[in-house]
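Student: Here it is, the structure, as structure tokens.
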Amino acid sequence: MTILSNDSKTDPNKILPMTYMWAREHYKDGVANNWTPEEISMQKDVEQWKSPDVLSDIEKRMILWNLGFFSTAESLTANNIVLTVYKHVTNPEARQYLLRQAYEEAVHTDTFIYCCDTLGLDPEYIYNMYETIPSIKEKDDYVVGLTKSIMDPNFELRTDEDIKIFLQDVVGYYVIMEGIFFYAGFAMMLALKRQNKMVGIGEQFEYIMRDESIHLAFGCDLINTIKEENKGIWTSDVQKNITDLIIQAVDHEKKYAFDACPNGLLGINPEQFCEYVEYIADRRLERIGLDKVYGTDNPFPWMSQSVDLSKEKNFFETRVTEYQTAGSLDWD
Ligand code: FE
Ligand code: MN
């Protein structure tokens, strides 16, 4: 029995006994993080948003850029889980996690509805930003482009080449979209929160980041399991291709960071957001067994504390070596 649909012995209805305990752990961690946006008061945010002298125009623009990016990126991610990943990942405990993740994406979508409603933003403007703002459109187009061939209704997993196409979809959404394209935005919104600005939205971004760190951990475990079970696909060409895709993603994310926050925030410059993107890209590469590219130090150590605050394990910056000793990469 294997995790993907290319194995006819996998019965999606028999969840016990389990093969992939990591999928079960991610499910339980997701449930332990349960939250809804309405639990977080937006009253102070609304006052600050409407006050003429709390937020600068640059800060307001940065908030709008991030709301614009995330409002539609969450739906793109949710659709990919339901329409693509769920179809080909037939192992039942992995599917149980995917159902949980799909629900969390609905909560994230709801968060941006709540932000638009409470701040009185124009939904036409916010929900069109993924088409009208080039630095946002380029990120979304990049991920959608990587995952196009899998959307063919006749696509099925039969050969190693098919599995390579599926792997690129999983890398595109889990590693690049959720693992890289979300993180400059997380850093910007949490940097603002550290200055006591828009703390309600900041807290919602913290909760989302906590969820996303688990989505990313699941995605990396999925990738590593597919590699392990299909040894023929992890060729040097595939490894180079994935590394190149991540390098290009980092370039898109740096461009976005400069566009969303050209002058930085109090005590932070846009170059530091770029360093942070390089730092997290290295962590993602290591998590899927590839060499790091940048060797950049983390300019924002407080970012990992934002996830640790939840008392949950900090998945998203854990190095692969530490991760392996936790037994999560043990398939025997
Ligand atoms: Fe999400
Ligand atoms: Mn997600």
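Student: Around Lys44, what is the net charge, scoring Lys/Arg as +1 and Asp/Glu as -1 over all other residues with Cβ under 13 Å from its Cβ?
Tutor: Net of charged neighbours comes to 0.
Student: When the C-alpha atoms of the chain are aligned to their principal axes, what extent does each axis show, in angstrom, from largest down?
Tutor: Reported extents, whole Å, longest axis first: 63, 40, 37.
Student: Run the simple label-point estimate for Met151 and Tyr103 please: 7 Å along Cα→C-beta, distance reported in nm.
Tutor: 2.8 nm
Student: Which whole-number percent of Cα pairs in the stretch 177-241 have a distance greater than 14 Å?
Tutor: Details: 1383 of 2080 pairs.
Summing the P(r) of the stretch 177-241 above 14 Å gives 66 percent of all pairs.
Student: In addition: Starting from 0.36 nm per residue, how many nanometres of slack lie between Asp7 and Gln248 once their C-alpha separation is accounted for? Don't skip to the answer; put the middle values down first.
Tutor: Values: separation 241, 0.36 × 241 = 86.76 nm, distance 3.32 nm.
Between Asp7 and Gln248, full extension yields an extra 83.4 nm.
Student: What is the sum of charges, Lys and Arg at +1 and Asp and Glu at -1, for the other residues whose Cβ falls under 15 Å from the Cβ of Thr147? Show your work: numbers first, answer last.
Tutor: On the way: positive: Lys87, Lys139, Lys148, Lys164; negative: Asp140, Asp141, Asp152, Asp162, Asp169, Glu178.
Net of charged neighbours comes to -2.
Student: Within a 10 angstrom radius of the beta carbon, how do Asp152, Asp211 rank from fewest other beta carbons to most?
Tutor: Asp152, Asp211
Student: How large is the Kirkwood hydrodynamic radius of the stretch 1-130, in angstrom, based on all distinct alpha carbon pairs?
Tutor: Evaluated on the stretch 1-130, it is 17.1 Å.
Student: Still on this structure, I have one more. For Asp169, Asp53, what ranking results if the residue with the fewest other Cβ atoms within 10 Å of its Cβ goes first? Don't skip to the end; give the middle numbers.
Tutor: Values: Asp169 21, Asp53 6.
Sorted ascending by nearby Cβ count, the order is Asp53, Asp169.
Student: Ok, one more. Can you work out the PRE-style zone for Thr132? Point 7 Å along Cα to Cβ, and I want the residues of the stretch 255-280 with backbone N under 13 Å.
Tutor: The answer is none, because no backbone nitrogen lies closer than 13 Å to the label point.
Student: Tabulate in residue order the Karplus-calculated ³J(HN,Hα) for the stretch 293-302, using 6.51 cos²θ - 1.76 cosθ + 1.60 with θ = phi - 60°, rounded to whole Hz; enter x for Gly and Pro.
Tutor: Rounded to whole hertz, the list is 10, 9, x, 7, 6, 6, x, 10, x, 5.
Student: While we're on this one: Tell me, what is the Rg over Rh of the stretch 150-215, with Rh the Kirkwood radius over Cα pairs?
Tutor: Expressed as Rg/Rh, it is 1.23.
Student: In degrees from 0 to 90, rounded to the nearest 10, what is the angle of the helix 160-170 Cα long axis to the longest principal axis of the chain?
Tutor: With rounding to tens, the tilt is 20 degrees.
Student: Looking at the chain as a GNM with Cα springs under 10 Å, which of Arg287, Arg24, Arg210 has the largest mean-square fluctuation?
Tutor: Arg24
Student: Output the 0 to 90 degree angle, nearest 10, between the alpha-carbon long axis of helix 92-119 and the longest principal axis computed from the alpha carbons of the chain.
Tutor: Around 10 degrees separate the two axes.
Student: Can you give the FRET efficiency to the nearest 0.05 for Leu16 and Arg158, using r as the Cβ-Cβ distance and R₀ = 25 Å?
Tutor: After rounding to 0.05, the efficiency reads 0.30.
Every number in this text was worked out from the coordinates using simple rules, so none of it is lab data. As the structure is a prediction and not an experimental result, all values here were calculated from the model. Positions of Cβ are backbone-derived with ideal geometry, glycine not excepted, and every protein chain shown enters the neighbour counts.
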